[in-house]
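Below you'll find the structure, written out as structure tokens, and then a few comments.
The values are calculated or read from the model by the stated rules, or taken from the named source; none is laboratory data. Predicted, not measured: the structure shown is a model, and the values here were computed from it. For neighbour counting, all protein chains shown are included, and Cβ atoms are generated from backbone atoms with ideal geometry for every residue, glycine included.
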Amino acid sequence: MSLILENVLLSAADGLVQSGDLIWFHFQKYHLDLSNTEETPTFGEHLRNINTRITKGLPDPSKAFNLNGTYHLGISPHIYSYYHLLTDLLTHLIDTPKHPVLVPKFIPVEFVKFLTESGFEVKVLPPEIFRIKKLFIPEMKIPNWNKKKVKKVKTFFDNIYPHETLPFYHNSIFKKKIYISRKLAVKRHLTNEEEFLPILEKHNFLKIYLEQLSIKEQVELFRTASHVIGAHGAGLTNVLFAPSNLKILEIRPVISSGQFCFEKLFSLGWPNFKIIVPPQVGTFILPKNLLEEVLIHWQ
């Protein structure tokens, strides 16, 4: 459930919220009571993340700008990710009363456009301290996906982007066998991409840079997909919009990448998925022989 707080301090640079002695970070994921630290875990990811953030300093009330009214918190360290936009923020906004959504300056312009076109009012905040009269904070759970959440997101997108039978499908960008390249991404590049691309081309796969597509175009692309190959990354979230018989190959740097987040998602409606982890630790490649095996099996 979403958390509703009044008269709180917000660090708009990364989304830390403070209400008296209570602190929330990464929406509701990391929580701390400064007056009763005994309830905080003594080890693990929770403690590391909350302690690391606190060492940077808590919001200074004397530097706070007042924001009267009621808002939704749309600021977290990972809200620049398409995955977190859908699984954390959008699923929160679908279920709660409509109020302006506070987002950080580092959020992609395409995300602001998407939220606005979807009927949400968006307010972009600079990296300052704000005092908010009333604030809704999204919850974050693990696992991030369940059948109810999948249905909620799919229904929302079906309403804002109705299925269409338009002639744009003849365009080469809408071919059904997709390879998602992360060459334009900041991290997790498959370093031997040029070596295995000829194999994919032989099997009629089209290389796609999702960064160059709008969210609507990504949705329409995956609605027509029959095969998807890609490195572990936010673009695989678009499987939500694909047919249930989609064949998926996810390449992970390590077996537990993202706490198995996409494996959990795929298992809720897309059973034809395979996973490859590079056999050599410390390298991120897609071995050509393993790729060939998957493609032959798919045939």
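Some points to look at:
- Yes/no for P59 being surrounded by 15 or more Cβ atoms within 10 Å (Cβ to Cβ) and in contact with a Ser or Thr (Cβ under 7 Å, 6 or more places away or on another chain): yes
- Set I276, I215: member being at pLDDT below 95, in contact with an Asp or Glu (Cβ under 8 Å, 6 or more places away or on another chain) and assigned by TED's automatic domain parsing to the domain that holds Y179: I276
- Candidates P253, P287, P279 - the one that is of a type outside the set (S, T, N, Q) and either on the phi > 0 side of the Ramachandran plot or loosely packed, with under 13 Cβ neighbours inside 10 Å (or both): P279
- Hey, F266 aromatic (F, W, Y), in contact with a helix residue (DSSP H, G or I) (Cβ under 9 Å, 6 or more places away or on another chain) and either surrounded by fewer than 18 Cβ atoms within 10 Å (Cβ to Cβ) or farther than 17 Å from K147 by Cα (or both) or not: no
- Selected residue (only one of F106, F174, F157 is modelled with pLDDT of 90 or more and either crowded, with 17+ Cβ neighbours inside 10 Å or in the same structural domain as F205 (by TED's automatic domain parsing) (or both)): F157
- The residue that is nearest to the chain's Cα centre (by Cα), among those in the range 53-79 that are within 15 Å of W24 (Cβ to Cβ) and not in a loop (DSSP other than H, G, I, E, B), is L73.
- Flag if R48 is basic (K, R), at pLDDT below 90 and either in a helix (DSSP H, G or I) or in contact with a Cys (Cβ under 6 Å, 6 or more places away or on another chain) (or both): yes
- As a summary of the residue check, H227 satisfies the conditions (1) more than 17 Å from K148 (Cα to Cα); (2) modelled with pLDDT under 95 except for the one numbered (2).
- Evaluation of L135 against (1) at pLDDT below 95; (2) under 18 Å from L3 (Cα atoms); (3) hydrophobic (A, V, I, L, M, F, W, C) (one fails), failing number: (1)
- Counted as qualifying within the range 187-251 are no strands (runs of 3 or more DSSP E), as none has 3 or more residues that are more than 17 Å from the chain's Cα centre (by Cα), over 27 Å from P279 (Cβ atoms) and of a type in the set (G, A, S).
- Qualifying residue in the range 17-40 (condition: of a type in the set (V, I, T) and closer than 24 Å to K134 by Cβ): yes
- Residue check, F266 touching an Asp or Glu at 6+ places or on another chain (Cβ under 7 Å) and not basic (K, R): no
- Here W24 meets the list (1) assigned to a strand (DSSP E or B); (2) over 24 Å from D95 (Cα atoms) almost entirely, failing just condition (2).
- Residue match in the range 82-98 (condition: within 22 Å of I129 (Cβ to Cβ), modelled with pLDDT of 95 or more and part of a loop (DSSP other than H, G, I, E, B)): no
- Subset of the range 242-289 (residues that are aliphatic (A, V, I, L, M) and touching a residue at least 40 places away in the same chain (Cβ under 8 Å)): L249, I251, L265, L268, I285, L286
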